[in-house]
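**Student:** So that we are looking at the same thing, I have put the structure below in structure tokens.
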Amino acid sequence: MSTGEISLPELCDRLTNPTIRRRIGADPYLARKLPDLLAMGRAVKEPKIAGLAWA
């Protein structure tokens with residue numbers, strides 16, 4: 001199991017990186033989650049203080 005935390009600006013930077021996007025696209029589970037992650041990034045009003053944590 002993976003746990004972690006990432007700032008929203010860093011997440012957005014990673015999601016726009018072509019190498020990372022190719023890796024995400026190659027994994028069916030992650031590819032299904034990508035639209036949700038991108039929508040979360042657009043929905044946050046103050047991205048500099050926002051973050052994402054998972055467990």
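The values are calculated or read from the model by the stated rules, or taken from the named source; none is laboratory data. The structure presented is a predicted model; accordingly, all values stated were derived computationally and were not measured. Backbone-built Cβ (ideal geometry, glycine too); neighbour counts: all protein chains shown. SASA here: full protein model, heavy atoms, side chains in, ligands and nucleic acids out. Shrake-Rupley method; radii C 1.70, N 1.55, O 1.52, S 1.80 Å.
**Student:** Given H placed on each backbone N at 1.01 Å, which residues far from GLY51 in sequence or on other chains put an amide H within less than 5 Å of it?
**Tutor:** LEU8
**Student:** Oh, and also: Rounded to the nearest 10 degrees, what's the angle between the helix 28-43 long axis and the longest principal axis of the chain, both from Cα atoms, 0 to 90?
**Tutor:** 20
**Student:** Right, something else. From the C-alpha coordinates alone, can you work out the Kirkwood hydrodynamic radius of the chain, in Å? Show your work: numbers first, answer last.
**Tutor:** Working: mean 1/r = 0.0849 Å⁻¹.
11.8 Å is the Kirkwood radius here.
**Student:** Loop-only check: which trypsin sites (Lys or Arg not before Pro) in the stretch 2-55 are DSSP coil with at most 14 other Cβ within 10 angstrom?
**Tutor:** Working: sites: ARG14, ARG21, ARG22, ARG23, ARG32, LYS33, ARG42, LYS45, LYS48; in loops: LYS45, LYS48.
Those that pass, being in a loop and sparsely packed, are LYS45, LYS48.
**Student:** Got a number for the accessible area of GLU5? Probe 1.4 Å, square angstrom, nearest 10.
**Tutor:** Spelled out: GLU5, probe radius 1.4 Å, area about 150 Å².
**Student:** So, one more: So, with +1 on the Cβ of K and R and -1 on the Cβ of D and E, and no other charges, what is the size of the charge dipole of the chain about its Cα centre, to the nearest 20 debye?
**Tutor:** It comes to approximately 200 debye.
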